[in-house]
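Undergrad: Let me give you the structure first, and then I'll get to my questions.
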Amino acid sequence: MFQRVFAAEFNAATVQFSREGMAEPAVLTPGGALLTLVFASGALLERQGCGNETVRARMADPTGAFSLQADPQSPDARATLCSLETPCFATVVGKPFLAGTGRPAPCILRVLDIRAADRYTRDTWVLRTAEATLDRLERIGAALRCGNEDPLVRALVTSYGLNSARLCSLAGTVRDAVQSVQSQSPPAKSELSPESVVLAIMKEHGGKEGITLEEIVRRAANHGLTHQDVLSAVEVLCREDECYQPSRGTFKLL
């Protein structure tokens, strides 16, 4: 199950935590979140390293920016990250890790899945993350007030010096994030299939020589399609004789 956490709290995490019953160590944040798999959303602001093995990017939410990293172990996520036109809103599922051995070691989100999104999706994520975070902070605060000897609470006090003032500061950051959300209606949901989207891209942007798969992936990402979605759609279109491959990596309408 993934966790939701704001960038400011994610970036302040500096320690790992493990206890009996946990399948793997988790990154422990100052607000008591145990992170093994994170779902985040924000504005993808910059990206570097496309063409290299590791691609790095920054994705901002109302409290700060996540440092993203996509490597060859997740080729689809890496390809999609490179295809997105920045700036744009995006959603990310990733595994957090503390990079390096310095103190404090920066917390980075290794991308497992990334998709183009819109402002409504980002705002919905902010509101749900705020609700989950405030509930968590309230539970931690209650445990502190009653002197709970839970190992998690002890780790928070020992590692981060957590107290009521720090909890109030974290809650204030969350409330500021909520204030930044713009109220708006959800966008109309597209009824187009991936094949229809890819076919439309081929028709609009394919010249006499056709269009490269890389270009299709780049444009399809803005419709929320992943690299694998595009590959599957192209295979279907080729089988149905809607397009063919005049040269490696290039597609053209029949």
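Undergrad: To the nearest Å, what is the center-to-center distance of region 1-68 and region 129-159, using C-alpha atoms only?
TA: Rounded to whole Å, the Cα centres lie 19 Å apart.
Undergrad: Taking θ = phi - 60°, what integer Hz values does the Karplus form 6.51 cos²θ - 1.76 cosθ + 1.60 yield along region 52-68, in sequence order, with x for Gly and Pro?
TA: With the stated coefficients, region 52-68 comes to 9, 5, 10, 10, 10, 8, 10, 10, 9, 10, x, 10, x, 9, 7, 8, 9 Hz.
Undergrad: Once amide H atoms are placed 1.01 Å from N in the peptide plane, what residues at a sequence separation of 5 or more from G64, or on another chain, have their amide H within under 5 Å of its amide H?
TA: Answer set, sorted by chain and number: A7, A8.
Undergrad: Taking only DSSP H segments of four or more residues, each worth -39500 (n - 2.57), what value at 222 nm results for the chain once the sum is divided by all its residues, to the nearest 500 deg cm²/dmol?
TA: So the calculated ellipticity at 222 nm is -12500 deg cm²/dmol.
Undergrad: Relative contact order for region 152-254 using alpha-carbon pairs under 8 Å, separation at least 6, rounded to a whole percent? Present the calculation step by step, with values, prior to reporting the outcome.
TA: Numbers: 72 pairs, mean separation 25.0, N = 103.
With pairs under 8 Å counted, the relative contact order is 24 percent.
Undergrad: Here's something else I'd like to know. What relative contact order, as a whole-number percentage, does region 1-189 give when Cα pairs under 8 Å and 6 or more residues apart are counted? Spell out each step's value before the answer.
TA: Details: 353 pairs, mean separation 41.3, N = 189.
Here the relative contact order equals 22 percent.
Undergrad: Where Rh is the Kirkwood radius over the Cα pairs of region 102-251, the temperature 25 °C and the viscosity 0.890 mPa s, what D in µm²/s does Stokes-Einstein return?
TA: 124 µm²/s
Undergrad: Per residue of region 90-97, what does 6.51 cos²θ - 1.76 cosθ + 1.60 with θ = phi - 60° give for ³J(HN,Hα)? Whole Hz please, x for Gly and Pro, Karplus curve as stated.
TA: Using θ = phi - 60°, the values come out as 8, 10, 9, 10, x, 9, x, 8 Hz.
Undergrad: When Kirkwood radius over Cα pairs in Å is calculated directly from the model, which label among [x] 22.7; [y] 19.4; [z] 20.0 fits?
TA: Structure-derived value, by its label: [z].
Undergrad: Could you state the angle between the C-alpha long axis of helix 164-179 and the longest principal axis of the C-alpha atoms of the chain, as a value from 0 to 90 degrees rounded to the nearest 10?
TA: 30 degrees
Undergrad: If amide H atoms are built 1.01 Å from N in the plane of the peptide, which residues on other chains or at least 5 residues away come under 5 Å of the amide H of G224?
TA: Hits under the 5 Å cutoff: A116.
Undergrad: Sticking with this structure for a sec: Taking the alpha-carbon distance from K95 and a cut-off under 14 Å, which aspartates and glutamates remain once sequence neighbours fewer than 8 residues away in the same chain are dropped?
TA: Cross-link targets: E24, D71, D113.
Undergrad: Next question, about the same structure. Pop out the ³J(HN,Hα) list for region 3-15 in order, Karplus 6.51 cos²θ - 1.76 cosθ + 1.60 with θ = phi - 60°, rounded to Hz; leave Gly and Pro as x.
TA: Each residue's phi maps through the Karplus curve to give 10, 10, 7, 7, 4, 4, 6, 4, 5, 7, 6, 9, 9 Hz.
Undergrad: Quick test of your reading: applying the under-4.7 Å Cβ rule, which cysteines of the chain are isolated?
TA: C88, C107, C146, C168, C238, C243, each lacking another Cys Cβ under 4.7 Å.
Undergrad: Take the alpha carbon atoms of region 49-95, find their radius of gyration, then divide it by 2.2 N^0.38 Å using N residues; give the quotient.
TA: Details: Rg = 10.6 Å, N = 47, 2.2 N^0.38 = 9.5 Å.
The value comes to 1.11.
Bear in mind that the values in this text are calculations on the coordinates, not laboratory data. Values in this document were obtained by computation on a predicted structure and should not be read as measured data. Methodologically, a virtual Cβ is constructed for each residue, glycine included, from the backbone with ideal geometry; neighbour enumeration extends over all protein chains shown.
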